[in-house]
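Below is one structure, written out as structure tokens, with a few remarks after it.
The values are calculated or read from the model by the stated rules, or taken from the named source; none is laboratory data. Since the structure is predicted, the reported quantities are computational estimates derived from the model, not experimental observations. Every residue, glycine among them, receives a Cβ derived from its backbone with ideal geometry; neighbour counts consider all protein chains shown. Each accessible area value is taken on the protein alone, full model and side chains, heavy atoms only, with ligands, DNA and RNA left out. Shrake-Rupley method; radii C 1.70, N 1.55, O 1.52, S 1.80 Å.
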Amino acid sequence: MLEGLPPHRPSHVLRLLTDERSARAMTDLLGEMFDPMDTAVAAFEDEDGRTWRLEAYFADAPDEDYVRDLIRPVIGDAADAAEFRTIEQQDWVRASLEGLKPVRAGRFLVHGSHDRDAVRGNDLPIEIEAALAFGTGHHGTTLGCLRALVSELKRRRPAHVLDVGTGTGILAFAAAKALRQPVVAGDLDAEAVRTARENARANGLGPYLKLYEGPGVRHRLADRPRHFDLVFANILARPLRLLAPTLTRVVASGGVLVLSGLIARDVPGVLSAYRLQGFSLVRRGMIEGWVALVLMRGGAARRPRP
């Protein structure tokens, strides 16, 4: 499980071994106490099946005493064993690469250059190296969106696709690979846009990607009312709620909106915001504690499929 998305340029990390209950409690606590744009908290089960590893990544040096005091009510004196250290940017990239294994969603295969031999003849491969911008396809939020795309392609062939908060560009690349048509993709972070552009060229998709830098749909490429019949927004709950009026405005009649970056407790609030804009829930899925919602403009709500 993970609360928040890894900062684009993390500089410090907290590491601590604990039990599952404490790891989940601290993930929620630290995720709420720190800005999700600057901090990400992750908890993973260790190989022994009993120990859990808590890791918190910070864009800037945290107040170590303050963090220890925050988690002390959860784990007591074990808070003193929390390890803080500085991260060099090259260490972040190297650490990300160590765990980068191929990820499959339908015919889409997301892989690093070291796993090119995993590509099969009928695959739509997307080659992504770990980078300072978030998104390698391994996180449940991105994989949930890829699976939603697979389902949507079985139903129809979208004519106009938009990816808001594109990160490394995976969702835009997948749509462009499958449809062989231009896809609009944007991010508010210049590093993410640069990374997505480089990745697009590396995947032979440069001519198919129309990239922009800006928040939400605040750009001439994206701010096109009722234009896009498939829109991805893999962000976080709060910005998704705030963006509801503008995101929904660009979705075409009968269009589909895929929202991700949500944990279970976020879903009611996000659904409420989008229902107010005339959207109904078509399907929801969960991967590693992260929820992806598929919404459609207008019409009676279908019974959500798992």
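When restricted to residues that are farther than 29 Å from PRO245 by Cβ, out of contact with any Phe, Trp or Tyr (no Cβ under 7 Å at 6 or more places or on another chain) and touching a residue at least 40 places away in the same chain (Cβ under 8 Å), the range 200-227 contains 1.
Just so you know, in the range 160-176 the residues that are modelled with pLDDT of 95 or more and farther than 18 Å from PRO239 by Cβ include one that is most open to solvent (accessible area, probe 1.4 Å), and it is HIS160.
Of the residues that sit in the range 177-188 and are buried (at least 22 other Cβ atoms within 10 Å of the Cβ) and of a type outside the set (A, V, I, L, M), which one is modelled with the lowest pLDDT?
If we filter the range 177-188 for residues that are buried (at least 22 other Cβ atoms within 10 Å of the Cβ), which is where we start, we get 183-187.
So of that shortlist, the ones also of a type outside the set (A, V, I, L, M) come out as 186-187.
Values: GLY186: 95, ASP187: 91.
Ranking the candidates gives ASP187 first.
Checking each residue in the range 19-33 for being surrounded by fewer than 22 Cβ atoms within 10 Å (Cβ to Cβ) and of a type in the set (Ser, Thr, Tyr) picks out only SER22.
The condition of being within 20 Å of the chain's Cα centre (by Cα) and either crowded, with 19+ Cβ neighbours inside 10 Å or modelled with pLDDT of 95 or more (or both) holds for PHE232.
With the requirement that a residue be touching a strand residue (DSSP E or B) at 6+ places or on another chain (Cβ under 8 Å) and open to solvent by 10 Å² or more (accessible area, probe 1.4 Å), what does the range 200-213 give you?
To start, the set of residues in the range 200-213 that are touching a strand residue (DSSP E or B) at 6+ places or on another chain (Cβ under 8 Å) comprises 200, 202-203, 208-213.
Answer for the range 200-213, where residues must be touching a strand residue (DSSP E or B) at 6+ places or on another chain (Cβ under 8 Å) and open to solvent by 10 Å² or more (accessible area, probe 1.4 Å): ALA202, ASN203, TYR208, LEU209, LYS210, LEU211, GLU213.
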